[in-house]
Structures are given as structure tokens and as C-alpha cells.
Amino acid sequence: MSVMTTAEWKNILDRVRTQNPALVRGWFGGLVPVDLCGGVLRIRAGNLKQVRYLDDACGSAFANAAQQVLEQLVTTTFETDAPGEIADDDGYPLSMSENNQLQLNEDYIFEHFVVGAGNRMAHAASVAVAEALGQTYNPLFIHGDVGLGKTHLLQAICHTTRSLNPSATILYISCETFANHFIEAVERGAMNEFRYHYRHVDLLVIDDIQFLGTRERSQEEFFHTFNTLHQAQKQIVLSADCPPAEIPTLENRLVSRFKSGLVAFVDAPCMETRMAILAKKARLRCIEVPEDVIEYVATHIQTNIRDLEGALLRLDAMSQSSESAIDMELARRALDDDSQRHAITIQHIIDVVTRYFGVRVKDLQSKKRPKSISHPRQVCMYLAREFTSHSLEEVGGYFGGRDHSTVLHADRTVKKMVETNDKVRRTIEDLRATLRARQNGAE
Amino acid sequence: MKVRMNRQELAEALGAVGSVAASRTPKPILECTMIEAHADHCLLVATDLEIGIRYTVSQVEVDETGPVVLKADKLSQIVRESTDEILEFNSDDSICHVRGAGAHFQIYTQPPADFPPVAELSGEPDFEVDANALRRMAEWTVLAAARENTRYAINGVLWERKGKDLTMVATDGRRLSMAQGKLESDEGANLECIVPVKTMSLFPRILGAADKTVAVKATGSQLVFRTAKATISSSLVEGQFPKYQDVIPSDCDCTATIKTADMLSAVKRSALLTNEESKGVRLSFSSGKLQLSSRAPSQGESVIEIPIEYSDREIEIGFNPTFLVEALRAVQADEVSLDLKEPNRPGVLRGDKGRLYVVMPVNLS
């Protein structure tokens, strides 16, 4: 078994990229040559979906490139060591079971999960649950904002369960699917099948359970499903974007049941965690990212992990299209579009504006309405509308709970003043420049 | 045993059997040939444990049946150097006496009980191949087969039998040869396996005028062949053969038609002024002509031009002359065609019907 040199492999990838640009996908960087034996170059992809795409579209592109680089008549095969979908062999009618199981992302395993202060408890609880189904925390309820790793933990539980206990029946679905199945079962008069399907599993994992809130009948059915499984000591894992009690219109009996196990919160990652996440994602995708760039990205993208990953992919794509290595220069350019706007928070704006006008934050948030305070406050609101994606209500909330019409009024007032009043225009331009400088890491 | 054999026939038999016997092995018995004297014929048996052969010698007079095991190469030398028409073999426990006119060799033997078993073709064969076709397919494919295992190729020839179609493919990573043939019947099991080069090389050697067809049967990890005089059992090469269809370019848009003899002569001459460093011969195709140029640093250079049928765009490509010569020699047709696409993409040489040869260019820049 021998694999080619890194330079040869890079050369092959480059040729595929230049000769067949339309075929190239962002994750090509993550492909790994496994071995070159008997005239066959085996290439490992991240998951089955990638393998199917490569098989369907890219066989000859890779073979040609490999032949040119190696000057040998080689062919290529694509494979993945990620296991296939979870078997769904419990005899449930195909019409329903088809496509209902969410595909597990093979990257979402515990080994790839970066533990930080914000998610330590949720992670520990997930590991404990996966290692002893139905015995430690039942149900496990994970909540947190979008893109913070809830789905990763849920799928990691499935992966681990599957490897520790291959015979366990796992059902991993979204809340939406549950509700749709329920409706379909009611229409077809196939409630027995439905109940059998959902009540004979060892592990039931439902993502985004908050959507159950709006569906009364589904809630009721889920209540019974929950009880059956819970009594049989079968594991239930749920995720939502808020704690059980805050899911609107969720019946109390469900709220109390959700809270009966462990409710774990995942918080936004701190700076160190973000850096660790970036480093790990970069390694998984075989993207070489220098330390200072990782720090830069982690500083500028604070929202969630999906955005971090998006930034990393953009860096990779840009470095490939410009054929240069990833460095600070490239990172600045890559982050200089819309993702940057998220990097500016209302807090930044308040900082800059209060310093500029020499007012106190407390005054801005108070009910005081002299012009010396109301003007900076309006400027803040105006800039917040421009630089952040917060809603009118949310912006109002930052300034002493003012309602949306106040923010709208401030926005319009400042807009008009910018057009008519040179002094105000200059002020706003100064403030914008300061904010942008901060955006680009000058401060 | 005691037996008299026709020396000529025995020499032929030993030629085939001797090529199977192992030459360097820690087990001396594998360097031997076993002669089994039966009532009306003798059987010469040899094996290197991967390939086994049983070869029948029919012009014999048997006085006493029984086996004897002798060093294959020594026996072969004695038979070759002798001048007699008939040689007599007479063995006791540990010595075999070989007698010709005025000659007497006493050769130490090995115990026949130690000789490993060699499979026969039992039962009905899976299918039968025309002997001449098999010989020619073997010749064509073996020339591109890898002689040793490299990371690029498998040293075997792929056999693919689907109904009436029999396809053989071999590649050493720089070239690939494919031969397609038709079977008389589509009965019997389909087959896909890799036959070692050593086995394939036996067919041109042992298939003679007497052979009409060769019977083939797959038995688990072995393939057994039966010809008029011999039964060959061969282990198979493990592993996955490269997807050869992917290697054969299908998008070539330049096709030259060239007289085989002209091409062969031109490439051979051009190759005279190449060496390890210059690697290849440059082929420049332009309307109606092919120019071959070569250069050997410190020796000189050559330009050879031959007329061809060609009307596509001008193209320049480098090839290893040895690869072209070996293929062109094996072609029987008067004309060959060469399909090309780019200087860095493989070319396809076609000559006889059902034969195809893909060859990787060399980079001359």
C-alpha cells in the first residue's frame, strides 16, 4: 500500500479544479487519497452523499487528472468509511418510512465536538445518555440558540448508540416529520402502525421540538408516545431553541415532562472555544489555516458555529480561486462582506456613539428626552438599523424598552437630518468610519 | 517404474512442464517434475503451488507403472543434450537410471509421496474457448501485463466471460491491452477473475496444431484449463482489477491510419536515438504524414517521416518507443489506427479485430 506524495495529490486536485471548474465543490479539500494499488486510486470522501456525487459526476475528471500527474493509466474509486443510513427495518410501511429518517451527518460525532464552557454540561449529558440509554437522564432536553451544536449533539448520540449497540432501534426525526406522519396516519386510518412505529424504539431523538407548540393534536399524540417510551425506560432526546417552559402554547403536562429529565443549555462559544472549533473544522476539511487567521475569524464572527464554518469555507473557496494560501490579507477580504455586519453589535454602536457624544449609556437607556440625549439615542438606533439585523423591537429593547414605532421614527428622523444637515451627515460619516475600522480589526 | 519414451516428445513436454516448476524455492520438491508411468501413457507433473500442470506423453512403452520425482532442470538438460530417439527410465527407491545408446545417468530422486497434489479438471467444464483464439488473446494481453506488482498494476490478466463474450485485459499502469473474443456457446457460468501472467504465458507455449479448443472450469480459488495434452490449474490473483473501461479514452477526436510495417520500422529506427533521459519518441501528426523525431543527448538526433492517412488537426505527442514496438509486433493486420486527444492523454492503438491497446504518452517538454 502506498499513497502518492502530498504534492502529487495537490497537483491532481488543482488539475480537477482548473479543467472541470463546474464540478468542483467546496468539500473537495477534504478528500483524502487512501491508496494507489493495482492501478486504482482510492479516494476517501466524508460521507455517502459525497461519494454518490463523485461517482456520478467526477470519475473521469479525477482519472484524467491522476493520469496526467502520475503519467500512469490509473482509474479512481471513491469511498467513505462513514457508515450508511440507519437501518429502518421495523416493517413500517414504506410510504411513511421513506425519507422520514433524517440523514445523519457523518461529521457529527462526539470526537468532532469542541467542548467549551458554554456547552460542557450538554456534551457530558449527551455522552452519558449515549453510553447508557434510558438510564441516566431521561428525557434529555437540549436547548440553545441556532447554530450552537444542538443537532451535532443529537446526531452524535445516534452515532455512538449505533456503534455501541448496533441492534438498538434508533429513530431520529424532526418535529415536523413527526407531525406530518401523525396527520398522514390519521388520514389513512393507520394509527396503529404509527403508534407501533414510534413506540417500539430504543432511542427517540426529535430535533426542534418547539414546533410541536403550534400543533395540539400532535402534542397529544406525542404526550402518549412520550409516556409509553418513558415508562419502558427507552431513551428520549429532544432539542429546542428555548427551554421547555418558554415554548409557546406547549401544554403544561408536556412542559413538566420535558423538565423531568435533564434540561441542558448550550450557550454561544467563547473566544477560545471558537478558535478551537475553527482549528478542528479546518483540520477536518484539510484546509490549512494559520493561527493568526483563526484568531481573526474567531474575533470577528461571534454569532454561531454555522457562521464560523461558513467563513472557513469562504476562505477555502477564495484561496482556491485566487490560487493563494490562506493568510490575513485573504481573511480580511473574505470577511469584508455581509458576515462582517453581524460582527458589529449594538453594544459596539453604543460604545462608539457614547464616546463620540460624551454621554452615558445609562442616559441613553433612560426615559430622559432632552435633545443632548435623544439625538445620540436616535443616532444609535439609526446605526443599529444599518449595521445589525435586529428587528425594530429588539433595537428598542436596548434603549430602555422603547417600542418599534420609536425606533422607526428615530431611523427616519436621522435619515432626513443626514440629507438636510451637513453637520449631522459628517457626524454619521465619522461614526460609520469608526465602526468600519473596528470591523476590520483596527481597534 | 520402467518406461521407454520418445525423446523428442519428452523434450517438448519438459519444455512446458519445466516452465511451471519453481526455479528458486525453499522447498526443493517444487523444482522437480514427477513422471507418472501409466499403462499406456506417461504423465509429467509440475507445480510451484500457484500453477500446476499435468502433461501427457503418449509415445511410450511402459514395462512397469509408478511415479518418479526428478529435478526438472537437470532432467530437461539431459533429454535436450541426448541424441537418442528413445530414452529408457528405470527407477528404484532413490535412484533413477536414464539410459540412451552408450549413455547411463543415475539421478537421485525425491520421494513421490512428498510431491504436492495437482488438480485435474473434473466434471463438465464451464465453457470452451477456441485454442487459436485463446493463444492469440493471451499473446496480445500478456505484452501489456505487469511483470511485477507495482502500485499501479496487478500482474495478471483479467478474464471476463459474459455469455458468448470473452474479454481479456491486462495493464502495467502505462499501457493496457484488451482482447475480445467470441465463444461458441453461452452456456455455463459467467466468470470474472484475474489469471496470473505466468499462466497466460503458458498458452502460446503449449497450444499446438493438435489443439482445437481449451476447456475452462472455475473451481473456487482456481481456474483449470484442459488442452489436448495438458491440464493446467492456476490459482487466481487476488484483488480488484482497475475499471478498465474508465481507462480507455472515448473522447479522442484525432485518428490516424498507418501501415503496420511502416509504423513498426519507423518507430524502431527512431528509437535508436533515444536513451533513458530522452525517454520518448516525438510523434507529430499533420495532414497526410507522420514525423517521428528523437534525440539522445551526446549522440545525436533523428527525424523520420512516413505517409499516413490523417486529416485532423495537427498534434504532437510523445511515446515510449518500446511500448509501441511491442504492440505493433503483435499486430497481424496490415493497418493500425491510432486515436489521440491531447498530448497528455492516452492514445488508443487498434489493429486486429477485437484488439485494443491504450498507451500513456510521455512528457517530452
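The values are calculated or read from the model by the stated rules, or taken from the named source; none is laboratory data. Since this is a predicted model, take the numbers as computed values, not measurements. Neighbour counts are summed over all protein chains in view; Cβ atoms, including those assigned to glycine, are modelled from backbone coordinates with ideal geometry.
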>> Test of understanding: among B:VAL157, B:VAL129, which residue is touching a residue at least 40 places away in the same chain (Cβ under 8 Å) and away from chain A (no Cβ under 14 Å)?
In response: B:VAL129
> Residues A:HIS342, A:HIS348: which one is closer than 30 Å to A:ALA282 by Cβ, of a type outside the set (Gly, Ala, Ser), at pLDDT below 80 and within 25 Å of the chain's Cα centre (by Cα)?
Replying inline: A:HIS342
> Quick one: B:ARG147 ticks every box in (1) part of a loop (DSSP other than H, G, I, E, B); (2) of a type outside the set (S, T, N, Q); (3) in contact with a Phe, Trp or Tyr (Cβ under 7 Å, 6 or more places away or on another chain); (4) under 24 Å from B:LYS27 (Cα atoms) bar one, so which box is it?
Replying inline: (3)
> Right, B:PRO361: within 14 Å of chain A (Cβ to nearest Cβ) and either modelled with pLDDT of 95 or more or out of contact with any Phe, Trp or Tyr (no Cβ under 7 Å at 6 or more places or on another chain) (or both) or not?
Replying inline: no
>> Condition first: surrounded by fewer than 22 Cβ atoms within 10 Å (Cβ to Cβ) and either more than 11 Å from chain A (Cβ to nearest Cβ) or of a type in the set (Asp, Glu) (or both). Now tell me which residues in segment B:329-347 satisfy that.
In response: B:ARG329, B:ALA330, B:VAL331, B:GLN332, B:ALA333, B:ASP334, B:GLU335, B:SER337, B:ASP339, B:GLU342
>> What pairs come out if I take residues in segment A:235-255 that are in a loop (DSSP other than H, G, I, E, B) and pair them with residues that are among the β-branched types (Val, Ile, Thr) whose C-beta lies under 9 Å away, six or more apart or interchain?
In response: A:ASP241/A:VAL146; A:ASP241/A:ILE247; A:PRO243/A:VAL263; A:ILE247/A:ILE209; A:ILE247/A:VAL255; A:PRO248/A:THR214; A:THR249/A:THR214; A:LEU250/A:ILE209
> Do you know which of the residues in segment B:1-24 that are farther than 18 Å from B:HIS41 by Cα and in contact with a helix residue (DSSP H, G or I) (Cβ under 6 Å, 6 or more places away or on another chain) is surrounded by the most Cβ atoms within 10 Å (Cβ to Cβ)?
Replying inline: B:ALA21
> What helices (runs of 4 or more DSSP H) lie completely within segment A:72-186 and have 2 or more residues being at pLDDT 90 or above and in contact with a strand residue (DSSP E or B) (Cβ under 8 Å, 6 or more places away or on another chain)?
Replying inline: A:120-131, A:150-164
> Quick one: would you say B:ALA215 is assigned to a loop (DSSP other than H, G, I, E, B) and in the same structural domain as B:TRP159 (by TED's automatic domain parsing)?
Replying inline: no
> Given (1) closer than 21 Å to B:VAL359 by Cβ; (2) touching a helix residue (DSSP H, G or I) at 6+ places or on another chain (Cβ under 6 Å); (3) away from chain A (no Cβ under 14 Å); (4) not in a strand (DSSP E or B), where does B:THR141 come up short, assuming only one miss?
Replying inline: (2)
> Which residues, counting only those in segment A:32-61, are more than 10 Å from chain B (Cβ to nearest Cβ), in contact with a strand residue (DSSP E or B) (Cβ under 7 Å, 6 or more places away or on another chain) and touching a residue at least 24 places away in the same chain (Cβ under 8 Å)?
Replying inline: A:VAL32, A:PRO33, A:VAL34, A:ILE43, A:ARG44, A:ALA45, A:VAL51, A:LEU54
> How many residues does segment B:92-105 hold that are more than 35 Å from the chain's Cα centre (by Cα) and either buried (at least 18 other Cβ atoms within 10 Å of the Cβ) or acidic (Asp, Glu) (or both)?
Replying inline: 2
